[in-house]
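Here the structure is laid out as structure tokens; the discussion comes afterwards.
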Amino acid sequence: MINKSSSSELLIEYLSSIKGGVGIAFSGGVDSTYLLRIARDACLGQVVPFLLVSPFLSRKERTWAYSIADEIGMPLREVPWHPFDFHCIWKNGSDRCYYCKYVMYQKLWSICREYGISNLLDGTQLDDLSSDRPGLKAIQELSVKIPLVYCNLNKNNIRILSTRLCLPTRDRPSQSCLATRVVTGTFITQNLVEKIESAEELLTDLQMENAKLRVKGNRAYLEVSEEERLNVEGQWTKIKGFLQNIGFHCL
């Protein structure tokens, strides 16, 4: 069993040993928020959180990231990137996540150099190593540091430590970009991403925060938790009507 206290102390020790400025890929999620909060006090050099912005990032997540960075007291810098410029991304093969991460972090490295920052950090944590995450390969290839892994911190540890720090992300569900809603093999377009975002905004308005839309071709269906199933069933006529109105066939 991992000792949470020793792991957090190890993280502080690791971050305080970094020479030069630090850039952090920040999303406002549980892991990157905890990393930023500790880096703010532990790092000796400049610390800059960067938010990668594209059509794959929902307006809700963008607003959330700004609110969390502001609460921590760290000005957030946006880094725009354009996934539809890369056919290896919008064709949405099984390696799309790898190419997304590679393009994003290559772009982020170029911005870090403009800032005179020589260290780029990512919030990957221990549990991520045992899940199917092709983007990890890109992180390794581009020499992005993953301190939470180095210091043996997993998601549960980070939630507990975030609670001790009263971070608003401590019990936040894991989030993912809008492109992950599209089943492998279905081309991702700007219009499709916009339709997915509008559908999920409706779900949020209906108090279905954890329901996720999945799209295959022109067909759409919902993935819901057991806790939200009855709510979805009760609102299904409204949800189905909305999905059909924006061009989806419902499964």
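The values are calculated or read from the model by the stated rules, or taken from the named source; none is laboratory data. Quick caveat: nothing in here was measured; it's all calculated off a predicted structure. As a convention, Cβ positions derive from the backbone with ideal geometry for all residues, glycine included, and neighbour counts pool all protein chains shown.
Could you please let me know if Gly28 is on the phi > 0 side of the Ramachandran plot and outside any helix (DSSP H, G or I)? Spell out how you get there, then give the answer.
Working: on the phi > 0 side of the Ramachandran plot: yes; outside any helix (DSSP H, G or I): yes.
Judged against the criteria, Gly28 is a match.
Mind checking which residues of the stretch 100-112 are surrounded by fewer than 20 Cβ atoms within 10 Å (Cβ to Cβ) and either closer than 16 Å to Val193 by Cβ or among the β-branched types (Val, Ile, Thr) (or both)?
The answer is Ile111, and nothing else.
Does Pro168 count as within 17 Å of the chain's Cα centre (by Cα) and over 21 Å from Cys97 (Cβ atoms)? Give the steps one after another, and end with the answer.
On the way: within 17 Å of the chain's Cα centre (by Cα): yes; over 21 Å from Cys97 (Cβ atoms): yes.
For Pro168, the condition - within 17 Å of the chain's Cα centre (by Cα) and over 21 Å from Cys97 (Cβ atoms) - is met.
Considering only residues that are assigned to a loop (DSSP other than H, G, I, E, B) and among the charged types (D, E, K, R), which ones fall in the stretch 56-110? Spell out the reasoning first.
Of all residues in the stretch 56-110, those assigned to a loop (DSSP other than H, G, I, E, B) come to 56-58, 73-76, 81-82, 86, 91-95.
Selection gives Lys91, Asp95.
Filter the stretch 213-222 for residues that are part of a strand (DSSP E or B) and closer than 17 Å to Gly241 by Cα and give the result. Spell out how you get there, then give the answer.
We begin by selecting, within the stretch 213-222, every residue part of a strand (DSSP E or B); these are 213-216, 219-222.
The answer is Leu213, Arg214, Val215, Arg219, Ala220, Tyr221, Leu222.
Just one of Gly116, Gly135, Gly123 is touching a Pro at 6+ places or on another chain (Cβ under 9 Å), in the same structural domain as Gly21 (by TED's automatic domain parsing) and either under 30 Å from Trp90 (Cα atoms) or of a type outside the set (Asp, Glu) (or both); which is it?
Working: Gly116 fails: touching a Pro at 6+ places or on another chain (Cβ under 9 Å); Gly135 fails: touching a Pro at 6+ places or on another chain (Cβ under 9 Å).
When all the criteria are applied, what remains is Gly123.
When both residues are 6+ apart or on different chains and their Cβ atoms are under 6 Å apart, which pairs have a first residue that lies in the stretch 62-82 and is at positive phi and outside the structural domain of Val30 (by TED's automatic domain parsing), and a second that is modelled with pLDDT of 95 or more and charged (D, E, K, R)?
Matching pairs, first to second residue: none at all.
Give just the number: which of (1) polar (S, T, N, Q); (2) more than 23 Å from Ser27 (Cα to Cα); (3) part of a loop (DSSP other than H, G, I, E, B) does Gln175 not satisfy?
Answer for Gln175: the failing condition is (2).
Could you list, in sequence order, the residues of the stretch 20-44 that are more than 30 Å from Ile89 (Cα to Cα) and in contact (Cβ under 8 Å) with a residue 40 or more places away in the chain? Don't jump to the end; show me each part of the working.
Filtering the stretch 20-44 down to residues more than 30 Å from Ile89 (Cα to Cα) leaves 20-21, 37-44.
Listed by number, the residues that qualify are Gly20, Gly21, Arg37, Ala39.
Could you grab me the full set of residues in the stretch 6-42 that are touching a Pro at 6+ places or on another chain (Cβ under 7 Å) and crowded, with 21+ Cβ neighbours inside 10 Å?
Leu11, Leu15, Ile24, Phe26, Leu35, Leu36
Quick test for you: out of Leu230, Leu243, pick the one residue that is without any contact (Cβ under 8 Å) to a residue 60 or more places away in the chain, surrounded by 16 or more Cβ atoms within 10 Å (Cβ to Cβ) and either assigned to a helix (DSSP H, G or I) or hydroxyl-bearing (Ser, Thr, Tyr) (or both). Write out each step before concluding.
Working: Leu230 fails: surrounded by 16 or more Cβ atoms within 10 Å (Cβ to Cβ).
Residue meeting the stated conditions: Leu243.
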